[in-house]
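The values are calculated or read from the model by the stated rules, or taken from the named source; none is laboratory data. Treat the numbers as computed from the prediction; the structure is a model and nothing was measured. Methodologically, a virtual Cβ is constructed for each residue, glycine included, from the backbone with ideal geometry; neighbour enumeration extends over all protein chains shown.
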Amino acid sequence: DKGGWSSFMAKEITENPDAVANTVRGRVVDGLVQVPELTELGDDVLNGINRIILVACGTASYAGMVGAYAIEQWARIPVEVQLSHEFRYRDPVITPETLVISISQSGETMDTLMAVKYAREQGARTISVCNTQGATIPRESDAVVYTHAGPEVAVASTKAFVAQITALYLIGLHIAHSKKTVDEKELRRLATDLQALPAKVTKVLETGEKIAQLAKWMSDTPSVLFLGRHVGYPIALEGALKLKELAYIHAEGFAAGELKHGPIALIDHGQPVFVIVPSPRGSALIHSKVVSNIQEIRARGARVIAIAEQGDAAVLPYADEVIQIPLADPMFEPILAVVPLQIFAMELADAKGLDVDQPRNLAKSVTVE
Ligand code: F6R
């Protein structure tokens, strides 16, 4: 039931705040993140892990990329992300100290299931991040951390994506607590900030009308580019994927630092470019580099739509449009920054008269390899 919304996707985007809140619920105990499902695995097992590989496909792999920055920074364990279908066939090096975390909304994606089975056969520990109770992938894993986004009906993933990122933050903070790689005061601050996120996501939803306008203006554009850096990079990739699958527009996401290594040649007069601007409170250096990127593409005629945190005055002189997001810990910014991009893709598809819930050629869960 669409509950009065024009599409399931419109409904599910408004459920983003609940998806985050419900995934965090019960996993902050006395002000500290504690994921009971991981406690079952045993602290000694977790503390012995020396390498983490996140496996997933599509949107879930971008959630994995965000999670990799967070888990590596907090837990001080090398983390990498591999597409399930690439991981499975590359003869990966796996030991009993390797933790393989799969991420899947449906829990039925065949490529990811095969990756998990393979990892287990090779002796890895496996955790499943999944949105569907009792699905196949969690049954094949040592432990499961469910996302509680609720059923996702629209083919394009939205609320499940923010829930996946949330679950990975929880896993990172749990391990950091267990390994004492982040001091307790900082862990408490992060847990509090995580709990404050849903209200901020609700705030971001208010930008919807402005974004709908932008989408209408751009409904005949042949291509849109997305730039991001650090945790904003996977969000650039996700923004591009949403636009491809929903509006059938050529779209590409780049790491902002790659611009001068090739992609800047694409910039021509009127080229729309979304830039996810990292918080200056995270790294002032990275922030200033992205602001320079905006100046560089603007000078070559790009039409820049910046997604930046409130009060970031540095982008104002250079961006054609600024979409402001509330302040959060810089690691948590992807949850806020992705929402305008979800809305943009939906509105642009809508402006083109396309079916946003059932894009052509796509299925909700891909159960063949
Ligand atoms: C994109 C999308 C897909 C899925 C991918 C993995 O909007 O929905 O890219 O993310 O097919 O699906 P799950 O998470 O079910 O394994």
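Worth pointing out:
- Test: residue 275 is touching a Lys or Arg at 6+ places or on another chain (Cβ under 6 Å) and away from the ligand (no atom under 16 Å from the Cβ): no
- Only a single item in (1) more than 16 Å from the ligand (Cβ to nearest atom); (2) of a type in the set (Gly, Ala, Ser); (3) part of a loop (DSSP other than H, G, I, E, B) is not met by residue 157, and it is number (1).
- Residue pairs meeting the criteria (Cβ under 9 Å; at least 6 apart or on separate chains; first free of Cβ contacts under 8 Å to residues at least 40 places away in the same chain, in the range 26-38; second among the hydrophobic types (A, V, I, L, M, F, W, C)): 36/29
- Cross-chain or 6+ apart pairs with Cβ under 8 Å, the range 355-369 first and over 20 Å from residue 10 (Cα atoms) and touching a residue at least 12 places away in the same chain (Cβ under 8 Å), then within 8 Å of the ligand (Cβ to nearest atom) and among the polar types (S, T, N, Q): 366/109; 367/109
- Taken together, 257, 239, 282 contain a single residue that is assigned to a loop (DSSP other than H, G, I, E, B) and under 20 Å from the mean Cα position of the chain (by Cα), which is 282.
- Test: residue in the range 52-68 that is free of Cβ contacts under 8 Å to residues at least 60 places away in the same chain, exposed (fewer than 15 other Cβ atoms within 10 Å of the Cβ), more than 22 Å from residue 195 (Cα to Cα) and of a type in the set (A, V, I, L, M): no
- Only one of the numbered conditions (1) within 26 Å of residue 28 (Cα to Cα); (2) touching a Gly at 6+ places or on another chain (Cβ under 7 Å) is violated by residue 73, and that is (2).
- For the range 214-257, a residue qualifies if it is in contact with a Pro (Cβ under 6 Å, 6 or more places away or on another chain) and either of a type in the set (S, T, N, Q) or within 28 Å of residue 285 (Cα to Cα) (or both), and the qualifying residues are 221, 224, 229, 230, 231, 232, 235, 254.
- In the range 224-250, the residues that are on the phi > 0 side of the Ramachandran plot form Cβ pairs under 9 Å with partners that are charged (D, E, K, R) and within 15 Å of the ligand (Cβ to nearest atom), at six or more places apart or across chains, as follows: 248/360.
Per-residue answers, yes or no, for (1) more than 16 Å from the ligand (Cβ to nearest atom); (2) at pLDDT 95 or above; (3) closer than 30 Å to residue 100 by Cβ; (4) buried (at least 20 other Cβ atoms within 10 Å of the Cβ):
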residue: 172; (1), (2), (3), (4): yes, yes, yes, yes
residue: 180; (1), (2), (3), (4): yes, yes, yes, no
residue: 190; (1), (2), (3), (4): yes, yes, yes, yes
residue: 197; (1), (2), (3), (4): yes, yes, yes, yes
residue: 205; (1), (2), (3), (4): yes, yes, no, no
residue: 233; (1), (2), (3), (4): yes, yes, yes, yes
residue: 240; (1), (2), (3), (4): no, yes, yes, yes
residue: 244; (1), (2), (3), (4): no, yes, yes, no
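- Helices (runs of 4 or more DSSP H) completely within the range 76-149 that count 1 or more residues being under 19 Å from residue 234 (Cβ atoms): 84-87, 110-121
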